[in-house]
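Working notes, structure below.
The values are calculated or read from the model by the stated rules, or taken from the named source; none is laboratory data. These numbers were taken from a predicted model, which means no experiment stands behind them. With ideal geometry, Cβ positions are generated from the backbone for all residues, glycine too; neighbour counts draw on all protein chains shown. These accessible areas exclude ligands, DNA and RNA; they are computed on the full protein's heavy atoms, side chains included. Shrake-Rupley method; radii C 1.70, N 1.55, O 1.52, S 1.80 Å.
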Amino acid sequence: MDSPKQVPPPWKAERPVTELSNRKSENIDTATVPEIINILHDCEEEMFIGWQNYQRLHDKDFVKKLSEVSKYAAALIKNSADSAIILSGCGTSGRIAFFIATKMNSLLRERGLPQCFGYIIAGGDRALTHSVEAFEDSPGAGKDELIKVAKGKRKILFIGISCGLSAPFIAGQLHHCMSHLDTFLPVLLGFNTIHMVRDRTIEGWDHTLLTVTKHLMLLESSGQGYILNPIVGPEAITGSSRMKGGGVTKLILETCFLTALSYLSVSSDPKDNDEINADKDAANDSSKQEKLITSLFECYKQVWETSYPTSKEQLSKLIEQAGKSLLDNGHVYYAGWDTWGLLGLVDASECPPTFGSDFDDIRGFLKGGLAPLESFPQTMNAAVGQDPLEDETSLEFFKKSVLPSITAKDTVVFLVPSNDANIYHELNILLKSVMQKTQHIGVISSLLVDETQLDLKSCTVVPLGHLKEEMINKIQDGGLDSELGNVVVKSVSELALKSALNAISTGAHIAKGKVYQNYMVDLKLSNSKLLERGIGIVSRCAECSKEFARDAVMRAIYRTDDIASFRDTPVSSIIQTAGNVERVVPIAIILAIKGCTVREALDHQERAPVIRTSLLNLLQPPSTIS
Ligand code: F6P
């Protein structure tokens, strides 16, 4: 593979790739549903083929670095009595951290190894299912959480995930790690180059994201830290890192840890596990490991790629149904088993901050709920009880408390991962009950599922792709045993599922008019990054200066035309207010375009509640509206 063609590092800020509008999706708001699927496919493809001349996933330098991190992880797994691997992130990045930590711990348990993965999500476990965005701004909160989770550990691999390299929460943690290098190996995972990292002052802190990242870059040169930052291009919905940002995070971390496990040769007798020799091949066989990493990337690509043609027609139908549900003020429910159910929860939880939707608009439910998952400290989330019937994340809760109120306006999507008689039995009963309530039923299934076991008449069945035999052989030749091979089969289909779920929730919100061009025009301004993003969107939609847009946003937040007294309000206080006010960005756009009063903008919004239509009305004569 080619070596990366890195941009020279003048430390001047330019718009980060993760905040750019993707040219491929500029017209996603006017596209038909099959066209939306094509656009999402083209934007996601950049995960694998890269973007412009920046470092790609497959580039030699990136693969080498990932292999080094993975070697370190293997050594910690081997000595896990006083070691830990801690993954941390905000929003979707924190949910993916939880997802991976849970999955890896259960894999270690199955292999007779101590569970050494931990996770941190900004805002605590409530943020696994709800939008809790403000903590992203706090380096202090990040550090405090890390100190708690790291207690009693002598060696820690810390991986801070921030797709935009933009979360002060993660910067606070990395700064702590870099002050305690005897304990921590700090790693930053994200998808911008370092010269795009913001140098803006962080309230109550005397470092910036750029100073922290540059410090880490220096440490990298002596192997005391790593920055993993392949560039995967702008998101299809501008700034929405829940999409490919989340997907590529999952892919990179799973690849890293599965490769780490391939370093360990585990005795077939669990009693002999202390004879695991992590160093065996690790020192002299780097190129083999790098090859394995590349093959694993190919596995993800193959299944992701083949899922598009196999699922496109049925997925279009499902997106149309979901869009109709949201337009009719109905709901979309994902109900799933195992990791597939968890990915449904992850997809649903990011809709309120992204699209300004209600928590109930799109919801996910998982068989058994979050509580039984190994990594989950139950005491931390008030929404999750011991009893699945009381746990609002569980399929049991769905049956008891949601199913009775389902109407013909709602869409229910079942997520079926595997060939399992218990799942078939439970699903057939559920299908019968749901069919009595609504005709909008989807079933997304892996190719492992035997559809003849299911009563799927009148359901929209979306089959995903499956890993080819030759690829399985390739990774097994590369060092993965058959048990790890099975984990790969599962993991790669999860990425395809994640893409399908993103397509459903994004497509449904496009239908509801929550996207203009490729901008999320009703996002919640609940942290400083989102506030800046909101101001940028107003400035672009209204074609006005950033200063003018900022004033419009402030007027929309405080619902007053006189904002003189708010000029010196700290950002933390602005976002605290903004997070609780509806329709800030749409109102600000109207203010900026019409030059009207807040009262008039609110009246306008009320008369034309569909945001995209209202914007088009303002920007173009009605006869030209598509
Ligand atoms: O603040 C909201 C958000 O943009 C989420 O959409 C995203 O999942 C989270 O921040 C984390 O972003 P990042 O990974 O870039 O730090």
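Odds and ends about this structure:
- If you go through the range 579-605 and keep only what is loosely packed, with under 13 Cβ neighbours inside 10 Å and under 19 Å from Leu530 (Cβ atoms), you end up with Asn580, Glu582.
- Taking residues in the range 336-357 that are touching a residue at least 40 places away in the same chain (Cβ under 8 Å) and hydrophobic (A, V, I, L, M, F, W, C), and partners anywhere that are part of a helix (DSSP H, G or I) and near the ligand (Cβ under 10 Å from one of its atoms), the pairs with Cβ atoms closer than 7 Å and at least 6 places apart or on different chains are Val346/Thr92; Val346/Arg95.
- Of residues in the range 577-607 being at pLDDT 95 or above and of a type in the set (S, T, N, Q), the one farthest from the chain's Cα centre (by Cα): Thr597
- Members of the range 424-448 found to be modelled with pLDDT under 95, open to solvent by less than 20 Å² (accessible area, probe 1.4 Å) and in contact with a Ser or Thr (Cβ under 7 Å, 6 or more places away or on another chain), listed by number: Ser446
- Verdict on Ala322 being of a type in the set (Gly, Ala, Ser) and in contact with a strand residue (DSSP E or B) (Cβ under 7 Å, 6 or more places away or on another chain): yes
- Matching option when the condition is more than 16 Å from the ligand (Cβ to nearest atom) and touching a Ser or Thr at 6+ places or on another chain (Cβ under 7 Å), among Ser482, Ser539, Ser491: Ser539
- Residue that is farthest from the ligand (Cβ to nearest atom) [pool: residues in the range 139-170 that are among the charged types (D, E, K, R) and in contact (Cβ under 8 Å) with a residue 40 or more places away in the chain]: Arg154
- Residue check for Asp551: more than 21 Å from Gln620 (Cα to Cα), more than 16 Å from the ligand (Cβ to nearest atom), assigned to a loop (DSSP other than H, G, I, E, B) and out of contact with any helix residue (DSSP H, G or I) (no Cβ under 6 Å at 6 or more places or on another chain): no
- Any hit, the range 173-185, residues being small (Gly, Ala, Ser), farther than 28 Å from Arg540 by Cα, open to solvent by less than 20 Å² (accessible area, probe 1.4 Å) and away from the ligand (no atom under 16 Å from the Cβ): no
- Listing of helices (runs of 4 or more DSSP H) fully contained in the range 27-95 that carry 1 or more residues being of a type outside the set (A, V, I, L, M, F, W, C) and open to solvent by 10 Å² or more (accessible area, probe 1.4 Å): 33-44, 60-78
- Residues of the range 315-344 satisfying the condition of being surrounded by fewer than 22 Cβ atoms within 10 Å (Cβ to Cβ) and within 14 Å of Ser499 (Cα to Cα): Ser316
- Here the range 126-138 is the region considered, the condition is being more than 12 Å from the ligand (Cβ to nearest atom) and either closer than 18 Å to Gln173 by Cα or polar (S, T, N, Q) (or both), and the residue that is surrounded by the fewest Cβ atoms within 10 Å (Cβ to Cβ) is Thr129.
- Looking across the range 342-360, the residues that are over 11 Å from the mean Cα position of the chain (by Cα) and in a loop (DSSP other than H, G, I, E, B) come down to Gly356, Ser357, Asp358, Phe359, Asp360.
- Residue that is farthest from the ligand (Cβ to nearest atom), among those in the range 112-123 that are in contact (Cβ under 8 Å) with a residue 40 or more places away in the chain and open to solvent by less than 20 Å² (accessible area, probe 1.4 Å): Leu113
- Search result, residues across the range 505-521 that are more than 14 Å from the ligand (Cβ to nearest atom) and either in contact with a strand residue (DSSP E or B) (Cβ under 7 Å, 6 or more places away or on another chain) or assigned to a loop (DSSP other than H, G, I, E, B) (or both): Ala508, Lys512, Gly513, Lys514, Gln517, Asn518, Val521
- Neighbours by Cβ (under 6 Å, 6+ apart or cross-chain): first from the range 85-96, touching a residue at least 60 places away in the same chain (Cβ under 8 Å); second in a helix (DSSP H, G or I) and within 9 Å of the ligand (Cβ to nearest atom): Cys90/Glu136; Cys90/Phe169; Thr92/Gly246; Ile96/Gly246; Ile96/Thr249
- The range 211-243 - residue that is within 15 Å of the ligand (Cβ to nearest atom), touching a Phe, Trp or Tyr at 6+ places or on another chain (Cβ under 9 Å) and over 16 Å from Val63 (Cα atoms) and, of those, most open to solvent (accessible area, probe 1.4 Å): Ser241
- Any hit, the range 193-204, residues being touching a Phe, Trp or Tyr at 6+ places or on another chain (Cβ under 7 Å), closer than 17 Å to Ser93 by Cα and within 16 Å of the ligand (Cβ to nearest atom): no
- Here Lys524, Lys529 are screened, and the one residue that is touching a Pro at 6+ places or on another chain (Cβ under 7 Å) and closer than 26 Å to Ile589 by Cα is Lys524.
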